[in-house]
Amino acid sequence: MDQHADTDSIVSLLYDGVVNSSDWYDSLDAVNEALGGIGFHYFAMHTQNLTVLDSVSSAELPEGKVQEYEACYAQDDPRAARVFASPVGQVTVDSDHFDQRAVSHMPIFADWLLPQGIRDTLSVKLRADEAQREFLAFF
């Protein structure tokens, strides 16, 4: 199978997603599938007070879990802090930065990620300015 053919269709969906929001969702699903992930989560946070301004997630995540993350964990998530400290577009993978000992002491892993069967997240900062920060993660 030609891997570039799959990539071309994803890129096409991403471009189409600029004008059609359902194509944006479909493109994120396609990226998730290509990565072998179990879901994705995009969100934008207010830069100053860190409230969630916008959010899109895949249907594979259990109902209510994304809202729980946004309400209880997003503001203090050390993974997100690491991504927001990185340049826009740089991919960050949890296992590259958090060893098993660190993971066992972090509430985001112990209370939210691991019970969902998630050990690793591939994340990228999409945008950051005075008004908001945008973040995309694949589990």
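For this structure, a couple of remarks:
- A crude spin-label estimate for the pair ARG127 and VAL19, with each label 7 Å from Cα along the Cβ direction, gives 1.9 nm.
- Note on GLN48 and ALA81: their simple-model spin labels are 2.2 nm apart, each label 7 Å out from Cα toward Cβ.
- Gyration tensor (alpha-carbon) shape descriptor, region 59-139, a/c threshold 1.5: oblate
- Accessible surface for region 4-139, divided over its residues, is 55 Å² per residue with a 1.4 Å probe.
- Where GluC sites (Glu not before Pro) in DSSP loops with at most 16 other Cβ within 10 Å are excluded, longest remaining stretch of the chain: 64-129
- Whole-Å semi-axes of the ellipsoid equivalent to region 13-76 (Cα gyration tensor, √5λ, descending): 23, 16, 9
- Selection from ASN49, LEU35, THR7, by position along the positive dipole direction of the chain (Cβ): ASN49
- Chain lengthening between SER55 and CYS72 when straightened (0.36 nm per residue, less Cα-Cα): 4.6 nm
- With Cα atoms as the point set, the chain shows a radius of gyration and Dmax of 15.1, 47 Å.
- Around the amide H of GLN132, modelled in the peptide plane, lie the amide H atoms of THR47, all under 5 Å away and 5 or more residues distant in sequence or on another chain.
- Carbon/sulfur fraction of accessible area - the chain, other protein chains in place, 1.4 Å, %: 51 percent
- When you restrict to C-alpha pairs under 8 Å that are six or more residues apart and normalise by the size of the chain, the relative contact order lands at 25 percent.
The values are calculated or read from the model by the stated rules, or taken from the named source; none is laboratory data. Just so it is clear, the structure is predicted and the values come from calculations on it, not from any experiment. Virtual Cβ from ideal backbone geometry, glycine too; neighbours counted across all protein chains shown. These accessible areas exclude ligands, DNA and RNA; they are computed on the full protein's heavy atoms, side chains included. Shrake-Rupley method; radii C 1.70, N 1.55, O 1.52, S 1.80 Å.
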